[in-house]
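Here's the structure, in structure tokens; my notes come after.
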Amino acid sequence: MFRKILVLTLLAALLAGCGPAVAATQSPSTAAPIHVQTEAPTAAPTVAPTPAGVTLTDGLGREVKLASPAQKVVSLAPSNTEILFAIGAGSQVVGRDEFSDFPAEAKLVASVGGSMGKYSTEQIVALKPDLVLAAEINSPELVKELEGLGLTVYYLKNPTTIEEMYKNLNIVGQLTGHDTTDLVNSLKARVAAVDAKIATVTTKPSVFYEIDAPAANKPYTYGPGSFGDLLIARAGGTNIGNTLKDAYPQISLEQIVASNPSIILLGDSNYGATAEAVKTRAGWSGIAAVKSGQIFPIDDNIISRPGPRLVDGLEQLAKLFHPDLFK
Amino acid sequence: MKPTPFFLVLLALGLALILSLAIGSVFLSPVELWDALRGQGIQTAMQILWDIRLPRTVLVALTGAALGGSGAAYQGLFRNPLADPFLIGVASGAGLGAVIAMSVKWPYSFWGLMAIPMAAFVAALLTVFIVYFLARVGQTVPTTNLILAGVAFSSFATSLTSFLMLRSTGEVRRALGWLLGGASQSGWTAIIAMTPYLIIGLGILTLSGHALNLLQFGDDQAQQLGLNVGRAKTVMLIAASLATAAAVAFSGIIGFIGLIVPHVMRLWFGADYRRLLPLSIIGGAIALLVSDVIARVVLAPQEIPVGIVTALAGAPFFLWVLRRTKNQGFW
């Protein structure tokens, strides 16, 4: 009897292993260059792109085709919402994730969920979008699920440099039918201005950026490979978290004291952290930044959300690190 | 004529299925629903009903059935009212397998996405295997050893999972979402992949009612009553673990169903495992369906992970049932 059951089990396991006969999705291409209907860089910036079909390869290697620029977009990440509004596509956003809070108009758009990674697919489908804009915080499973419901999804990969962020702006511009040349040029100009001033700097202050400190002796900070680390360096500071290994490590209080940063940035000021509270923390009083009172709150969203506000973040950091250069 | 337990429970299942199809984060009126059912509704309503709610309802019902059935089996096998399907490490093993699989950059393709549930499934079964052999003493597997080995290995796997999640910065959100549970895959792939294991696992368990009844007298007594205890326990363990592993691999880790549903069924309908097992299977489906509806609706459009709802709703409900039947010696 047992043997019969064993044989049946093995048979069924083999059969189940054959898997359902589902049509394979498009085979992933290697990181291919973007196929694009290029508009010649024009001196007259008011030329809008002609409404032609758009074919792009997204961050997951999927080919995404739109017959015409999308007029109804659902954004699944706060960074995507910021990008959409920044390039002038705000009126085309019909749905956004729960955490999209910038600009203020975004909060008026219908929410489709998003906390703990759970979105309401029913809501997304009911909004009938031409395009769903996903980001790296969305899982490939979610993309697959929405694809299976017949929606067009574009997965926008996180940029690893500010220049890649411009590329993302261009991509979203093409998807929604907006010319992003002006926006990108103005951002480039601002970044170039910061770069020029920072190039003249002789000393770079050491900086401790606190992302969050649920335990005051092991706060989270930006490490190598994170955007925060990149921005701090570009703004003319030295991130003490740069010597650690992970991108979002916990740094021990001992290490902070040993590195003795001259500036402390409170990325968790959105959640109630204040300079006064930091001064009263046990063991922190010997740090240079605490002694000189150089503890500044900063909106972490402009440092961590991969959108055009990264340039705001860069400027703010540069002003904090080198106030004499940015009067 | 007094309605039999099966009639009542099947009626409740029917109601739960209808509830799950009718309610969701987008409100569809009864007229729209009826039209969509007949294939004549507006496109959005049809898509919501057929492509989103129907596969989800089936997946949730199957998962609940697997958890309820294996929960009853584990409680009978271990003769312990606190036993649940995750006792010997299926959940923690699956979690570890899934998180390890998530740290690999699979290509975005059908098999690339199936890699996660497959890894979770294999890891879950491997865990049961390891725990079983850790607990073996000669030819027998004493239940105490199984529980101890299971608890120890579970802790190990869970802490390893947490460590991996902390180290991998990109995947934490995805891993957390998976671990908290909930039917995240719409579409029929998960259902097709799960069903063979559920049929085998739950099928064997339903036929093992008599053996479980005998085991309640203790291993020695059962042996003397003619049951091949070692073999019966092994078979039932494999069957229950297969069903649980398949459920967990696609729906994540959903607690309380496997623990509470068998107890409720026992309180209402008695402890005869020939009846208790099928009732727990159906009862598990009902419980998870109702929890899933609540998870979808309470904070719409925000969805809560269903594991939170089962914990919040299941415990008070169980306490209420317990109080109502406090005169019966139920265990």
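No lab work stands behind these numbers, since they all come straight from the coordinates. Computed from a predicted structure; not experimentally measured. Methodologically, a virtual Cβ is constructed for each residue, glycine included, from the backbone with ideal geometry; neighbour enumeration extends over all protein chains shown.
Points to keep in mind about this one:
- Gain on full stretching of the segment that runs from A:Thr203 to A:Lys167 - 0.36 nm per residue minus C-alpha separation: 9.7 nm
- Kirkwood Rh, angstrom, the stretch B:82-253 [1 / mean 1/r, Cα pairs]: 17.0
- Among beta bridges from DSSP that stay inside the stretch A:201-325, the antiparallel ones total about 25%.
- Mean shadow area of the stretch A:106-222 over all directions, Cα convex hull, nm²: 11.0
- Two-site label geometry, B:Arg173 and B:Asn228: point separation in nm, points 7 Å out along Cα→Cβ: 5.4
- Shape call, the stretch B:206-331: gyration tensor on alpha carbons, a/c limit 1.5: oblate
- A crude spin-label estimate for the pair B:Ser29 and A:Ala215, with each label 7 Å from Cα along the Cβ direction, gives 5.7 nm.
- Sites A:Ala67 and B:Ile192 - FRET efficiency at Förster radius 41 Å, r taken between beta-carbons, to 0.05: 0.80
- Counting only lysines at least 8 places from A:Lys245 when in the same chain, those with an alpha carbon closer than 17 Å to its own are A:Lys218.
- Of all lysines in the structure, those lying under 22 Å Cα to Cα from A:Lys319, and not within fewer than 8 positions of it along the same chain, are A:Lys188, A:Lys197, A:Lys204, A:Lys291, A:Lys327.
- Separation of the B:Phe217 and B:Asn80 label points, Cα + 7 Å toward Cβ, nm: 2.4
- Ranked by how many other Cβ atoms sit within 10 Å of their own Cβ, fewest first, the residues A:Thr243, A:Thr152, B:Thr161, B:Thr127 fall in the order A:Thr243, A:Thr152, B:Thr161, B:Thr127.
- When the alpha carbon gyration tensor of the stretch A:65-126 is reduced to an equivalent ellipsoid, the three semi-axes, largest first, read 18, 15, 9 Å.
- Exercise: per-residue mean of other protein chain Cβ atoms within 10 Å, B:227-237: 1
- DSSP-defined antiparallel bridges as percent of all bridges, the stretch A:53-186, nearest 5: 30
- Using a Förster distance of 45 Å, the FRET efficiency for A:Thr243-B:Ala311 (Cβ separation, nearest 0.05): 0.60
- Percent breakdown of C-alpha pair distances by 20 Å bin, ordered from the shortest bin, for chain B: 31, 57, 12, 0
- Calculated on C-alpha atoms, the gyration radius of the stretch A:201-325 divided by its Kirkwood radius gives an Rg/Rh of 0.92.
- Cα centre as origin, Lys/Arg/Asp/Glu Cβ charges: the stretch A:132-178 dipole, Debye: 100
- Cα centre as origin, Lys/Arg/Asp/Glu Cβ charges: the stretch B:82-253 dipole, Debye: 380
- Among B:Met114, A:Met165, sorting on how many other beta-carbon atoms sit within 10 Å of each Cβ, with the fewest leading, yields B:Met114, A:Met165.
- Overall, the protein assembly as shown carries a charge dipole of about 1820 debye about its Cα centre when +1 sits on the Cβ of Lys and Arg and -1 on the Cβ of Asp and Glu, all other atoms neutral.
- The A:Thr181 and B:Ser162 beta-carbon pair, evaluated with R₀ = 30 Å, returns a calculated FRET efficiency of approximately 0.05.
- Kirkwood-based shape ratio for the stretch A:130-197, expressed as Rg/Rh from alpha carbons: 1.11
- Under the span-like rule (Cα at least 30 Å along the axis, Kyte-Doolittle mean at least 1.6), DSSP H helices of chain B: B:110-135
- Shown here are the Rg and Dmax of the Cα trace of the protein assembly as shown, at 28.4, 95 Å.
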